[in-house]
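Colleague: Let me give you the structure first, and then I'll get to my questions.
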Ligand SMILES: [Zn+2]
């Protein structure tokens with residue numbers, strides 16, 4: 001009887017410490033990933049790792065990735081764009097993207 005209880009207690013303790021350990025490992029992993037992502041994404045596309053190219057769209061500086069065609073907006077960039085033309089900028093963006101010309105001269 002006592003042995004079974006001890007075993008159970010031990011198992012619970014192990015479980016507790018295992019969980020704690022896992023939490024610490026997860027936290028370390030997250031921190032490391034964040035740091036890595038932060039360093040890596042400096043001038044790099046977070047999606048494909050290609051070197052991003054600065055560009056200007058409607059007077060807003062953006063980062064565009066030639067690798068996957070992704071465009072990276074900061075929170076301010078998005079706000080500025082949205083304020084500039086809150087209904088159609090997105091349409092125009094895609095329009096410009098397809099036509100490759102129209103918005104370049106604006
Ligand atoms: Zn990319």
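Quick note: the coordinates plus some simple rules give every number you see, no bench work behind them. Source: prediction; values computed, not measured. FYI the Cβ positions are ideal-geometry reconstructions off the backbone, even for glycines, and counts take in every protein chain you see.
Colleague: Can you tell me how many residues in the range 1-31 are more than 23 Å from the chain's Cα centre (by Cα) and in a helix (DSSP H, G or I)?
Modeller: Matching residues across the range 1-31 total 21.
Colleague: Do we find that residue 81 is in contact with a strand residue (DSSP E or B) (Cβ under 8 Å, 6 or more places away or on another chain) and more than 14 Å from the ligand (Cβ to nearest atom) in this structure?
Modeller: Yes.
Colleague: Next up: Looking at the range 55-69 only, could you name the residues that are in a strand (DSSP E or B) and within 14 Å of the ligand (Cβ to nearest atom)?
Modeller: 55, 62, 63, 64 - these are the residues of the range 55-69 that are in a strand (DSSP E or B) and within 14 Å of the ligand (Cβ to nearest atom).
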